[in-house]
Amino acid sequence: MSLPIHIARVLLADPVARRRYVRVGILQTVAALALALSCMGSAKKAASAVESPISEEEIAAEVQEELSEAGIKEEAADQAAKDQAAQDEEFARRLRDVEAAAEGVEGGPSLPSAIAALVATATANSGADNITVTKQDDGSMKVERAPEPRTSKKHRSKEEKSEPEELTYKGFSLTAISFWVALLGALQIAQWVIIALSRDYHDAIAREAALLTRVDPDDEAINPRVRVNVPWMRKKVRRRVRAMLLFAAGVPAALLLSLPFRWIGVGNEVFTALTSVWGMWWLLVFTAAKSGQAWEAREGQRPPWFLRAWTWLTTRVPGFRWGMFQRYGAMWNDRTKEVFEPVATVERHPWAYAGLALTRFIGSFAPLRFFVRPLIPVASAHILREERMKLGPPRPDGGSEPRTASNSPISDSP
């Protein structure tokens, strides 16, 4: 786990290597951040369109429907105003008739009870609740209707469209979490693009780190530059496909091993656990494969542990000795044969590569990857350094030549 940190310390101690290492990492981080921020808006719109795809015809129909509804509402409002005006006029006419009839009655104009009864009746009939009756100086009764408050369309729209409350948890804004998660996701995509354009600089940094820490570099000296490396991109795609096929080749075996546990109701849990361990194992293998030394054949190399276990299961255990399972094992062996060397390397140093794989996984998140990526191949080579010192380099016939002081290209200094 600490190997990349120690290698980074060696790089930072050298003035020339430090200048390139820091400059490249910072420039790649800034470029990835700028690319991620510029793409976040488009990604959000695309995600919204995927969640609720609406065609242009549907949008036009929806707009037309809204306009029609708005016209109907305006016509209804005009009609309601006309009806209210007619009710007000009828109410005033009836009030004048009552006042005229009350003139001939003793104490006529001062009959508030009659007027109040008429007002109550008219109020109940018209549904109004804002009518007031006041007595004038000449003894007549005056009936007034209070004007209704008017609100602008803009004000009503603001009231109708109330702003959503900000989601918080213990004083921490959950809206901010969504922003940072979206930014991290965009950075993960942007960093792949940046590395594809500037991977030459990582190769140069890895070579400098290997020379400074006394291990054989995997790459020759180059003049790094920003470019679109099509052959490298094709190789990366082939490696991704190969990794997917290697993982998929072991899934049927995990499914078969989990079948007996379905009788006690934990079959899905066992299958999930087996596939998770299977995926982590291949993470260790591909971490070791970052160094060219992990691909060197050794004398007496055997098939990987999982193929040996499957062969034993399908040839020794009753109930599994079926020809179908044995043919599946042969197919599995053919699919995995091209990575026997790095698998054997991990089998010899499982815990060391487990720690390095964990560091690689943590360093895969942006922007750490710009600083950790060139150190992983050198760290993998260091894991094999002691082994190479003891056994010597592999011979063309698959054996190994014992290392001596005369033929060792690696210094004994730490």
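Readers should treat all values here as calculations from the given coordinates under stated rules, not as data from a laboratory. Keep in mind that this is a model prediction, so the values were computed, not measured. Here the Cβ is made from the backbone with ideal geometry for all residues, glycine too, and neighbour counts use every protein chain on show.
Computed FRET efficiency, Cβ-Cβ of Ala182 and Val226, R0 25 Å: what is it to the nearest 0.05? Intermediate results must be reported in sequence, preceding the final value.
Details: r = 27 Å, r/R0 = 1.09.
Efficiency, from the Cβ-Cβ distance: 0.40.
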Exposure proxy ranking, count of Cβ atoms within 10 Å, fewest first, for Val10, Val378, Val343, Val266:
Val266, Val10, Val343, Val378
Length gain on complete extension for the stretch Asp334 to Glu387, per 0.36 nm per residue less the alpha carbon to alpha carbon distance?
16.3 nm
Among 274-286, 320-332, what's the highest-first ranking by average C-beta atoms within 10 angstrom per residue?
274-286, 320-332
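When you count, for each residue, the other Cβ atoms within 10 Å and take the mean per peptide, how do 249-255, 351-357, 224-230 rank with the highest first?
Final packing ranking: 351-357, 249-255, 224-230.
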